[in-house]
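The values are calculated or read from the model by the stated rules, or taken from the named source; none is laboratory data. Note that the structure is a prediction, hence the values are computed from the model and not measured. Every residue, glycine as well, gets a Cβ built from its backbone with ideal geometry; the counts of neighbours run over all protein chains shown. The protein model used for the area step is the full one, side chains on, heavy atoms only, and it has no ligands, DNA or RNA in it. Shrake-Rupley method; radii C 1.70, N 1.55, O 1.52, S 1.80 Å.
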Amino acid sequence: MHKTDFLIVGSGIAGLSLALKLSHYGKVIVLTKTSPDEANTKYAQGGVAAVMDNENDSFEKHIQDTLIAGDGLCHEDIVRIVVSEGPDRIRELIEWGASFSLNDKGELDLVKEGGHSDKRIIHAADYTGKEIENTLLQRVKENPNILLFDHYFAIEILTQHHLGRYVHKGTPNITCYGVFALNKQTEKVEKILSKITVMATGGCGNVYASTTNPKIATGDGIAMVFRANGRIANMEFVQFHPTALYHPGHMSPAFLISEAVRGHGAILRNHEGEAFMQKYDPRKDLAPRDIVARAIDQEMKKHGKEYMYLDATQISPEEIKIAFPTIYQHCLSVGIDMRKEWIPVVPAMHYICGGILVDEHGKTSIHNLYACGECACTGLHGANRLASNSLLEALVFAHRICEHVKNDFKTIPILENIPDWNDSGTTYPEEWILIAQNFKEVQNLMSSYVGIVRNDLRLERTLRRLDLIYKETEEFYKKTKVSVELCELRNIITCAFLITKSAKLRKESRGLHYTTDFSYKNQDYLYDTIL
Ligand code: FAD
Ligand code: SIN
């Protein structure tokens, strides 16, 4: 058993930046399911959006761009908070040691991405996430108030349910006391008790067969909160990045070709060489992501092709090497010289706009439980996230959580009478094939039926199939010793259910949710889908 003031699950930008802040006020434990740096954060390429040293830019322009991308569902108060607090959080990141690309004048080099009306993306060439993750980890490792437990897998949130009380969605005052986590080295489940617990568990890309997300992104935090009867919102808004590298046999994780490449002038072309984006949107290749991904999907279907092309040959070879060293090298490693050849690209699941419902302080519907980063639904993204607003949101909300809990946490008791994990009567799994097979089945179902274009018939079919897989997996879970693989399977089933159910509830097309059954934007659906 461990006891701590603050327990943070996740060591990406959200978890680590919050840990550094909370460490000024109490003892912090950070759990991470594999190695400390393995997180979506490490793979971020394009950068962080914020209004910094560009005198043509303004908070109002960034706010409007975010609201336009969000297609009517952003919470404007949250957008204003994130945009206006963002620059201070970037300065803090720089003070912690993050080093971003500079221009000839020695100022931050700001670039443009889809949906942005001005240059405001702060970046470290095309490895922004790695720079941020490494910097934060370095600071965390030096900090005596933070314990980083790697290869610890959080299984479930402790609530009154663990004291034998019946808890359901409507139960008032559901309270979080910490988590049960599997120590992967000892294979024992440990109880970690805390005054304040924070989910910073990232996204759920692996619900789909092709994703830009690393293997760790299985929606664990979202699923744990849902199972603990907390509120989850807007899961139908799944963002497919328009340009993942088409590389048969390497669908997951799919290598990302950053939107910043289009920001530097690259153009999407079909197999006839036509620059097709002008047919779909006046902003052409720099339209918001939902529009570009749908346009690619439509061109692929129209021409019966498995991919489209991204033509970056008009960017100078010198600029490519300076701005996109990672992408350039990766393309070369698979035989594509992006200075001279078009890159084959295809949309892939990239980001979940919905997640654990939180208020403006990052507080969930469960007492003493907070959430930030990709697993949270703050209201910033609405129906579609604006490029590079995710890292920004994680930093701003980590700060806000710290400000909210730093004074009051001391009076929260640690509940020591929660019984230990009980696995009597369970055995080691013999049917490993069930886990692998059901995992694949969920991914294929979701990719085939709940992708970029949806309809009710397919959603209903998916829900029926998911129900069977769910029942079979739960049966297996009850009699089997806990393992990471089985827990991740349960979590992706839960996230798949949340995405499909939410999609079914929204009887309109809006932002990232596009259905052939309902027309574009119905004023009656101007609200969040909450489950
Ligand atoms: P993550 O960085 O994903 O961290 C999640 C952490 O939770 C990990 O440490 C993981 O081990 C831990 N965890 C999860 N489940 C458990 C569990 N059960 N037990 C213990 N630990 C657990 N956004 C931008 O704003 N700009 C970009 O340029 C950009 N580029 C991107 C490029 C790629 C290829 C990808 C995949 C995403 C990109 N994004 C970008 C999105 C952005 O990177 C993520 O949304 C963001 O990094 C999420 O940060 P996070 O801290 O919430 O989660
Ligand atoms: C990219 O570099 O295209 C990813 C940016 C993002 O996901 O915000």
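Brief remarks follow.
- Across all C-alpha atoms in the chain, the radius of gyration and Dmax reach 22.2, 68 Å.
- Helix 289-303 and the longest principal axis of the Cα set of the chain meet at an angle near 70°.
- Relative frequency of Cα-Cα separations exceeding 14 Å in region 248-323, percent: 64 percent
- Applying D = kT/(6 pi eta Rh) to region 382-486, where Rh is the Kirkwood radius over alpha-carbon pairs, T corresponds to 10 °C and eta to 1.306 mPa s, the Stokes-Einstein value obtained is 85 µm²/s.
- Seen from ALA436, the other residues with C-beta closer than 13 Å to its C-beta sum to a net charge of -3, counting Lys and Arg as +1 and Asp and Glu as -1.
- Crossing angle, helix 13-22 versus the chain [Cα axis fit, 0-90 degrees, rounded to tens]: 50 degrees
- Taking other residues whose beta carbon is less than 12 angstrom from the beta carbon of ASP57, and scoring Lys, Arg as +1 and Asp, Glu as -1, yields -1.
- Segment LEU505-LYS521, extension gain: residue separation times 0.36 nm, minus the distance between their alpha carbons: 4.4 nm
- Both numbers refer to the Cα atoms of region 233-384; Rg and Dmax are 17.7, 57 Å.
- Residue (of LEU286, ILE267, TRP342) at the positive-pole extreme of region 249-342, dipole from beta-carbon charges: LEU286
- Using only side-chain charges placed at the Cβ, +1 for Lys and Arg and -1 for Asp and Glu, the dipole size of the chain relative to its Cα centre rounds to 1100 debye.
- The chain - share of DSSP beta bridges that are antiparallel (%, nearest 5): 55 percent
- Residue pairs, from the table LYS141/LYS440; LYS42/LYS521; LYS141/LYS215; LYS61/LYS195; LYS141/LYS481, whose Cα atoms sit over 31 Å apart: LYS141/LYS440; LYS42/LYS521; LYS61/LYS195; LYS141/LYS481
- Surface exposure of the chain, expressed per residue as accessible area with a 1.4 Å probe, stands at 39 Å².
- Cβ-isolated cysteines (cut-off 4.7 Å), the chain: CYS74, CYS176, CYS331, CYS353, CYS372, CYS375, CYS377, CYS402, CYS487
- Between LEU147 and ASP337, the simple spin-label model (points 7 angstrom out along Cα→Cβ) gives 5.5 nm.
- Expressed as a whole percent, the accessible area of the chain that falls on carbon and sulfur atoms is 50 (1.4 Å probe).
- Low-density loop cleavage sites - GluC sites (Glu not before Pro) in region 221-314, where at most 15 other Cβ are within 10 Å (DSSP): GLU272, GLU274, GLU306
- Computed from backbone phi, the HN-Hα couplings of region 165-170 come to 8, 7, 10, 9, 3, x Hz, rounded to whole numbers (Karplus: 6.51 cos²θ - 1.76 cosθ + 1.60, θ = phi - 60°; Gly and Pro given as x).
- Near GLU113, once Lys and Arg are set to +1 and Asp and Glu to -1 for all other residues with Cβ below 13 Å from its Cβ, the sum equals +2.
- For region 275-406, the Cβ-based charge dipole about the Cα centre amounts to some 180 debye (Lys, Arg positive; Asp, Glu negative; other atoms uncharged).
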